[in-house]
2 protein chains.
Amino acid sequence: MMDDSALRASEFLDGLAARVGTAGLTTDADTLEPHLTEWRGLYRGAALAMAAPASTAEAAAVVRWCASHAVGIVPQGGNTGLVGGAIAHSSPQGPQIVLSASRLNRIIDLDRDNYTLTAQAGCVLAQLQAAAAQSDRLFPLSLAAEGSCQLGGNISTNAGGINVLRYGNMRDLVLGLEVILPDGEVLNVLRGLRKDNTGYDLKQLFIGAEGSLGFITAATCKLFPLPRSRATAWLAVDSPAAAVQLYAAAQDGVGQALVAYELISRVALDLVVKGISGCRDPLAEAAPWYVLVELADSAPGAESRLTEFLAAQLSSGGLRDGVVAASDSQAQSLWRLRHNISEAQKLAGAGIKHDVSVPISRVAEFIERGTRVAHELVPGSLVVAFGHLGDGNIHFNLNQPPGMEREAFLACWAPVSERIHALAIELGGSFSAEHGVGALKIADLARYRGGAELALMRRIKRALDPHGIMNPGKLFAASD
Amino acid sequence: MMDDSALRASEFLDGLAARVGTAGLTTDADTLEPHLTEWRGLYRGAALAMAAPASTAEAAAVVRWCASHAVGIVPQGGNTGLVGGAIAHSSPQGPQIVLSASRLNRIIDLDRDNYTLTAQAGCVLAQLQAAAAQSDRLFPLSLAAEGSCQLGGNISTNAGGINVLRYGNMRDLVLGLEVILPDGEVLNVLRGLRKDNTGYDLKQLFIGAEGSLGFITAATCKLFPLPRSRATAWLAVDSPAAAVQLYAAAQDGVGQALVAYELISRVALDLVVKGISGCRDPLAEAAPWYVLVELADSAPGAESRLTEFLAAQLSSGGLRDGVVAASDSQAQSLWRLRHNISEAQKLAGAGIKHDVSVPISRVAEFIERGTRVAHELVPGSLVVAFGHLGDGNIHFNLNQPPGMEREAFLACWAPVSERIHALAIELGGSFSAEHGVGALKIADLARYRGGAELALMRRIKRALDPHGIMNPGKLFAASD
């Protein structure tokens, strides 16, 4: 779209309607609104329209049409991201549309013997989990937004979640992809093979690329045996260092059945117990740190393995105290403590949040030094640290000190994050473990992944999307 | 090197010597010979020299020097590949050198708590396995050439082997890489993180790229808990279809401890028992197909789990017969039957070999139809089918019929492979599961991965290596 005249815009929209039908085109401001707004309200964008193709061919036609009119394309799934990656920003990048995967919502094939599921990109994660379970199989990706996030978004952000320890990130679960390239060509590498060494593994380019290299329309994913036995425990430990030692002991003691190993600080538990109704401390005595551990196995016996392991750890002093869930509902109560931390933090005031990872061996040092940084920069702030210890992924958050103004506290976000991210990097870590870069962390990407790394990313971007129409202004600064 | 004058060549070699020292440069024909020859004698190449840098900086200097003289670079590790990918072919691609990783043979770091190992690319696989075991950790990659193949080659070929079912291919084991790009720049993404969503996952480009996009100098790899209990069994089944059903039952019945599930035909067992001294049929009665199954767990109890599972399968008819190894040496005897199939085939005459994969659900159909193809094209040929059923990876081989001339039989390789590869592709499979493309399967790559897929591979190649100096004439035809 070389100029912004109403006539040209109208021609462009007519062409779009011809490609997706009226059912697939949204230009009405009210209907568009939720697709232009990040769910926490941190980002608000603008777009000419939203196109929702109902087939791969329609999606390809939309991309070709946009490419021929130099209109940017912002891929969107469930719009549950945390870094503004799915929000259109029509200025300064020029006109854009939102390209929604929502009508590509069909499960194409479930192959029980091959342990694979092939589905269109707009399938909601919970729908895929349910379809797998109905076929006595497990689709292991699980995260807070699973009721609304979509497969294509999960792949584009290389989603993590609570089962990464055992089953890996989304990248590890994808065997094949179908993608519309930025010129509208369809790349079909929708294969369901565990071994295939035939040239470059092209699907890897699009996993975690945040929609900047193409639009994912379908994927073939791994399935696993459905766990038949499960055991969950809440454990008290002295320190993050003790939690790291206990993790290695658990790897040895309970074997491959370990699926979750979550670290939770006393501060985080206190917030949940005080703020969320029906939540209570599972142990009689307070401890400084906790671990929520879960075993799952397709074979029976998870509970006895966990109980034996914990008895041995209690007697050897690797553990202060602990309780094993005696029922599913008790296990759910323990998980509720973990899942309500974010909500409890919100109730307790404003928060400054980080999604960092470090090698597991540096988690204790990171938390200790990070806490000192927090108290130095924001005296009196509450440090709420928790996360997926088995992945080295720590959500390191600060909560508003009593008596400090909300705005004054939030003004500390940038200087605090700068120090916390620099600390993670110093320890060999990452400034974005799960959430990605999107619009939020462009400066961090340039700072911490600069030099040969950023130069090569830009070379890949130029090779696949020379006109820069896929998700403009994400990952890289708009001026690039 | 714009012309071949002796003076220019000598200047080039002097410059190379200045970069790697005399200890790092080989020009002597006898010393070069084993590095120009594929170990089975199928490929023989030519090169100006072999450079073996002793550091990342030296490797980068060599690549820059070659780039500035338009001399091609053929990366080489242990030279154990099966598709000619590590062999230099100075014509028609112009002058080349072999760039050996062998002097980059240092283990840089082993982080027990983080379950990671960082090592230079020239480390031999067995050396890494031993270092991990000494630290009570498992480096799970295991394959026949482990006594001489090297880490860099394992990564460049995305090596598979016998533990893929549980631990994945090499791609799944790599967390970080250091690579010399084709212009001599060093890309260091040597991070040991399980979660890191900061832009494109650049390391994926180089894993399985067969040295065509850069020279790998070091890697950070995942380690796992060392298994403490192990159980191995030899099972008799009626058919490949029965083996596939038993596989699903085993996934459910013995859980995540399943590490190997190998399918072996009666024909293959007969060859081994007849040809290899000390090998005998573990069961009293003959059966048409066998499965070698192994469980390993960092927690105890693998043997009792396997025994209980097999008892249930015997009584339900999922299994004809079976024997569980009562000792490590019995387990080794069972594995010897599997590992000696290739050797036994060689003793029985010439062979036509395929390394295909199909979805697990299509394995039975593939073997049935493939066998008909074999007998149609080469009447009387012996079909020797075996492989990693849990990965859908079947080594589908034909042995010389009695009375047929060796040369006449080998002349059937191309027409047989064409039909077998086409069959694998028809069933959603791959013409190269583990071994790669190299020089051997360039035509297959163009035929079966053509269109948008091959075009995108070429775009990536041009973006990273515009002058085509990295492993020229591999993956793509020389004319490209």
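The values are calculated or read from the model by the stated rules, or taken from the named source; none is laboratory data. Model, not experiment: these values are computed from the prediction. Backbone-built Cβ (ideal geometry, glycine too); neighbour counts: all protein chains shown.
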*Restricting attention to region A:393-424, and to residues there that are out of contact with any His (no Cβ under 9 Å at 6 or more places or on another chain) and surrounded by 20 or more Cβ atoms within 10 Å (Cβ to Cβ), which single residue is farthest from A:E368 (Cα to Cα)?*
A:F409
_Looking only at region B:228-241, and only at residues there that are within 12 Å of chain A (Cβ to nearest Cβ) and outside any strand (DSSP E or B), the one that is farthest from A:D113 (Cα to Cα)_ = B:R228
*Please go through region B:302-321 and pick out each residue that is more than 23 Å from A:Q256 (Cβ to Cβ) and either in a helix (DSSP H, G or I) or not basic (K, R) (or both).*
B:L314, B:S315, B:S316, B:G317, B:G318, B:L319, B:D321
_Taking the conditions exactly as written (touching a helix residue (DSSP H, G or I) at 6+ places or on another chain (Cβ under 6 Å), within 24 Å of B:A296 (Cβ to Cβ) and in contact (Cβ under 8 Å) with a residue 24 or more places away in the chain), does B:A250 satisfy them or not?_
no
*Subset of region A:419-464 (residues that are of a type in the set (D, E, K, R) and more than 10 Å from chain B (Cβ to nearest Cβ))*: A:R419, A:E426, A:R447
*How many of the residues making up region B:390-410 are aromatic (F, W, Y) and farther than 22 Å from B:A243 by Cβ?*
1
*Would you mention how many residues in region B:265-312 are more than 14 Å from chain A (Cβ to nearest Cβ) and either touching a Cys at 6+ places or on another chain (Cβ under 6 Å) or at positive phi (or both)?*
3
*Count - residues of region A:417-462 that are aromatic (F, W, Y) and either more than 22 Å from A:V384 (Cβ to Cβ) or without any contact (Cβ under 8 Å) to a residue 40 or more places away in the chain (or both)*: 1
*asked:* Scan region B:332-346 and tell me whether some residue there is among the polar types (S, T, N, Q), in a helix (DSSP H, G or I) and closer than 28 Å to A:G255 by Cβ.
replied: yes
*Tell me which residues, restricted to region B:425-441, are farther than 16 Å from B:G81 by Cβ and polar (S, T, N, Q).*
B:S430
*Which number in (1) farther than 24 Å from A:Q120 by Cβ; (2) in a helix (DSSP H, G or I) marks the one condition that A:R40 misses?*
(2)
*Do we have A:L410 as of a type outside the set (D, E), more than 18 Å from A:L213 (Cα to Cα), away from chain B (no Cβ under 12 Å) and touching a Phe, Trp or Tyr at 6+ places or on another chain (Cβ under 8 Å) here?*
no
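Residue-wise test of (1) within 26 Å of the chain's Cα centre (by Cα); (2) crowded, with 23+ Cβ neighbours inside 10 Å.
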{"site": "B:A219", "(1), (2)": "yes, yes"}
{"site": "B:K222", "(1), (2)": "yes, no"}
{"site": "B:L226", "(1), (2)": "yes, no"}
{"site": "B:S229", "(1), (2)": "no, no"}
{"site": "B:W234", "(1), (2)": "yes, yes"}
{"site": "B:S239", "(1), (2)": "no, no"}
{"site": "B:G255", "(1), (2)": "no, yes"}
{"site": "B:R266", "(1), (2)": "yes, no"}
*asked:* I'm told A:R8 meets every condition in (1) assigned to a helix (DSSP H, G or I); (2) modelled with pLDDT of 95 or more except one. Can you identify the failing condition by its number?
replied: (2)
*Could you say whether any residue in region B:51-58 is modelled with pLDDT of 95 or more, aliphatic (A, V, I, L, M), surrounded by fewer than 19 Cβ atoms within 10 Å (Cβ to Cβ) and not in a helix (DSSP H, G or I)?*
yes
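Conditions tested, residue by residue: (1) surrounded by 21 or more Cβ atoms within 10 Å (Cβ to Cβ); (2) out of contact with any Cys (no Cβ under 8 Å at 6 or more places or on another chain); (3) under 30 Å from B:L223 (Cβ atoms); (4) at pLDDT 95 or above.
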{"site": "A:L337", "(1), (2), (3), (4)": "yes, no, no, yes"}
{"site": "A:A348", "(1), (2), (3), (4)": "no, yes, no, no"}
{"site": "A:H354", "(1), (2), (3), (4)": "yes, yes, yes, yes"}
{"site": "A:V358", "(1), (2), (3), (4)": "yes, yes, yes, yes"}
{"site": "A:V363", "(1), (2), (3), (4)": "yes, yes, yes, yes"}
*Within region B:96-131, track down each residue that is surrounded by 23 or more Cβ atoms within 10 Å (Cβ to Cβ) and either at pLDDT below 95 or of a type in the set (S, T, N, Q) (or both).*
B:Q96, B:S100, B:N114, B:T116, B:Q120
*Does B:G436 satisfy being in a loop (DSSP other than H, G, I, E, B) and more than 30 Å from B:V373 (Cβ to Cβ)?*
no
*Qualifying residue in region A:14-37 (condition: surrounded by 15 or more Cβ atoms within 10 Å (Cβ to Cβ) and basic (K, R))*: yes
*Of everything in region B:59-81 that's over 23 Å from B:Q120 (Cα atoms) and part of a loop (DSSP other than H, G, I, E, B), which residue is nearest to the chain's Cα centre (by Cα)?*
B:V71
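Every residue, every condition in (1) within 14 Å of another protein chain (Cβ to nearest Cβ); (2) in contact (Cβ under 8 Å) with a residue 12 or more places away in the chain, yes or no:
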residue: B:G317; (1), (2): no, no
residue: B:R320; (1), (2): no, yes
residue: B:V323; (1), (2): no, yes
residue: B:R338; (1), (2): no, yes
residue: B:Q345; (1), (2): no, yes
residue: B:S357; (1), (2): yes, yes
residue: B:I360; (1), (2): yes, yes
residue: B:H388; (1), (2): yes, yes
*Determine, yes or no, whether A:L475 is under 21 Å from B:I460 (Cα atoms), part of a helix (DSSP H, G or I), in contact with an Asp or Glu (Cβ under 9 Å, 6 or more places away or on another chain) and modelled with pLDDT of 95 or more.*
no
_Answer from B:L456, B:L398, B:L423, B:L445 - the residue that is in contact with a strand residue (DSSP E or B) (Cβ under 7 Å, 6 or more places away or on another chain) and in a helix (DSSP H, G or I)_ = B:L456
